[in-house]
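Reading through the structure tokens given below for one structure.
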Amino acid sequence: MQFFIDTADIAAIKELNETGLIDGVTTNPSLIAKSGRNFLEVIGEICAVVKGPVSAEVAATDVDGMIKEGKRLHLIANNVVVKLPLTWDGLKACRALTAENIKVNVTLCFSASQAILAAKAGATYVSPFVGRLDDIGVDGMDLIQDICTIYKNYSDFKTKILVASIRNPVHLVRAALMGAHVATIPPNVAKQLVNHPLTDKGVETFIKDWQSTGQKIL
Ligand code: E4P
């Protein structure tokens, strides 16, 4: 399973990238707005830090505008993945950019039928948003299960399932149990993944007992 970090905060990306466990980054217009930074500059900086896929989202809503903006974003670095919304125009732009070997992440996926269309449009990634479904009283993980099952039924569907809008470690674990290819995780949730009180307690006890032996390894 691949781990992407869902943020446009360079400091957070650098900190987590030092773990060596980060495979890519996703951003969206809201995260760019939160960063207060220039969009093209911040994507360039992220691509210099993380060599894996970095998703950058278009602002246009029409097919021609999306294609033009997608090509501009792709010029920033080879690892830019163009993020397009799951609309008919987005799907058309996905086919056009994919035909030019530009990778596309089709985002804002909230149904299995949308995920089928993303695969048929040749998307490299589809991003189903689990947290936002949970927010309206629908179990977002049911959607991930449906997409995993459908994609496994068709060997010609090459699109990777990128689980997005993750709000807690349980979302990540359930996605992994279902066999989703990628999870994009906000920095605060990424930091929570390692925590367990029994680990902290165990380390404390082992250090105390080791010190009581009076030995040294080095
Ligand atoms: C994914 O690419 C999106 O940027 C993200 O996961 C959205 O998450 P949110 O619902 O917490 O805003």
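Mind checking the log10 I(q)/I(0) for the range 69-218 at q = 0.09, 0.15, 0.16 Å⁻¹? Debye, one equal scatterer per Cα, no solvent, two decimals.
Reported log10 I(q)/I(0), two decimals: -0.39, -0.78, -0.86.
Can you give me the C-alpha center-to-center distance between the range 23-58 and the range 72-140, rounded to a whole angstrom?
16 Å
Hey, in the GNM for the chain with a 10 angstrom Cα cutoff, which one of Phe129, Phe206, Phe110 fluctuates hardest?
In the Gaussian network model the winner is Phe206.
At 222 nm, what helix-only mean residue ellipticity would the chain give, in deg cm²/dmol to the nearest 500, using -39500 (n - 2.57) for each DSSP H run of four or more?
About -15500 deg cm²/dmol.
Mind checking which lysines have their C-alpha under 16 Å from Lys216, skipping anything on the same chain fewer than 8 residues away?
Straight-line reach from Lys216, under 16 Å: Lys208.
Can you give the % of DSSP beta bridges in the range 84-218 that are antiparallel, to the nearest 5?
0 percent
For the pairs Lys120/Lys191; Lys14/Lys120; Lys34/Lys158; Lys14/Lys92; Lys83/Lys152; Lys71/Lys191, flag any whose C-alpha to C-alpha distance is greater than 29 Å.
Lys120/Lys191; Lys14/Lys120; Lys34/Lys158; Lys14/Lys92; Lys71/Lys191
Taking the Cα centre of the range 150-208 as origin, sum charge times position over the Cβ atoms of Lys and Arg (+1) and Asp and Glu (-1), and report the length of that vector in debye to the nearest 20.
It comes to approximately 80 debye.
Out of Glu69, Glu57, Glu41, any idea which swings most in a Gaussian network model of the chain, alpha carbons joined below 10 Å?
Looking only at Glu69, Glu57, Glu41, the largest GNM fluctuation is found for Glu41.
No lab work stands behind these numbers, since they all come straight from the coordinates. Since the model is a prediction, treat every value here as computed from it, not as a measurement. So basically every Cβ, Gly included, is an ideal-geometry build from the backbone, and we count neighbours across all protein chains shown.
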